[in-house]
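Below is one structure, written out as structure tokens; the observations come after it.
Bear in mind these aren't lab numbers, they're just calculated from the coordinates by the rules spelled out. All values derive from a computational prediction rather than experimental measurement.
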Amino acid sequence: MAYKVDPAKCIACHTCIGACPVMAISTGADQKAVIDPAKCISCGTCAAICPVNAIAPDLGPTPNPVSEPKSNDTKTPTTPDLGPTPNPVSEPKSNDTETPTAPDQK
Ligand code: SF4
Ligand code: SF4
């Protein structure tokens, strides 16, 4: 993924050109910066240094990003007020597990 200059934002200050470690940025016909995607190593230096935030990762023509927010239907169905919860039917019973002692048989 290379970075891309937004020509609508670029003010042709050329700060990014000197900052690119692989010299992937040059000037276009209008003196605005142009990034060569074949050279760009996506280090992000130019995007960080651009004074007008004209550089951003080139995400391609994909119109629908994967992390598109979904509309959450937060409507909760109304439930009738049943009052306090009665004791559950399957309440555990205390089992008397003591084994009576058998008489001593001789
Ligand atoms: S630093 Fe930003 S405004 Fe300056 S030339 Fe590069 S992209 Fe254009
Ligand atoms: S992201 Fe890094 S390698 Fe790519 S154009 Fe910007 S400074 Fe150069």
Counting only residues 5 or more apart in sequence or on a different chain, those whose built amide H sits under 5 Å from that of residue 13 are none
Phi angles of region 34-46, converted by Karplus (6.51 cos²θ - 1.76 cosθ + 1.60, θ = phi - 60°) into ³J(HN,Hα) in whole Hz with x for Gly and Pro, give 9, 9, 8, x, 6, 9, 4, 9, 6, 7, x, 4, 5
Scalar couplings 3J(HN,Hα) for region 20-31 by Karplus 6.51 cos²θ - 1.76 cosθ + 1.60 (θ = phi - 60°), nearest whole Hz, x for Gly and Pro, are 5, x, 10, 6, 8, 10, 9, 9, x, 5, 9, 6
Sorted by chain and then number, the residues having a modelled amide H within less than 5 Å of the amide H of residue 58, at least 5 places away or on another chain, are 2, 3, 4
